[in-house]
Amino acid sequence: MALMELDSNKHSVFLLFYHLILVVKYRKRVIDGRVSARLKEMFIEIGRKYGISLVEWDGEEDHIHCLFKAKSTTALAKFINAYKCVFKNHKKGIP
């Protein structure tokens with residue numbers, strides 16, 4: 001799928017990108033390259049269930065930036081809550 005490929009439904013054409021920043025509580029420096037890669041894999045896996053595609057992923061030791069593309073009918077609140085739950089559990093050491 002091309003980055004600038006427009007999505008459409010019966011009555012509209014759209015291209016929606018979202019920028020999500022996930023911050024570790026108290027900005028503790030716990031995200032290294034291995035953790036970031038695993039969180040990215042989980043984001044992609046959960047995103048498939050919601051019709052979300054990851055465009056860009058970056059971060060530092062205390063936060064992560066996600067740029068992703070979604071359709072206008074995507075339940076973003078449900079997706080973000082599902083991912084935050086996984087993010088939180090991974091942070092606690094739960095696989």
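Values for this structure:
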| read-out | value |
| --- | --- |
| Residue, modelled with the lowest pLDDT, within the stretch 63-95, restricted to residues that are exposed (fewer than 12 other Cβ atoms within 10 Å of the Cβ) and within 14 Å of Lys49 (Cα to Cα) | Thr73 |
| Residue, surrounded by the fewest Cβ atoms within 10 Å (Cβ to Cβ), within the stretch 22-43, restricted to residues that are hydrophobic (A, V, I, L, M, F, W, C) and touching a Gly at 6+ places or on another chain (Cβ under 9 Å) | Leu22 |
| Among the residues listed as Ser12, Ser8, Ser53, the single one being among the small types (Gly, Ala, Ser) and under 17 Å from the mean Cα position of the chain (by Cα) | Ser53 |
| Residues that are within 11 Å of Ala70 (Cα to Cα), in a strand (DSSP E or B) and charged (D, E, K, R), drawn from the stretch 1-58 | Asp7 |
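The values are calculated or read from the model by the stated rules, or taken from the named source; none is laboratory data. Not measured: the values here are computed from a predicted model. Glycine gets a Cβ as well: all are built from the backbone with ideal geometry, and neighbour counts include every protein chain shown.
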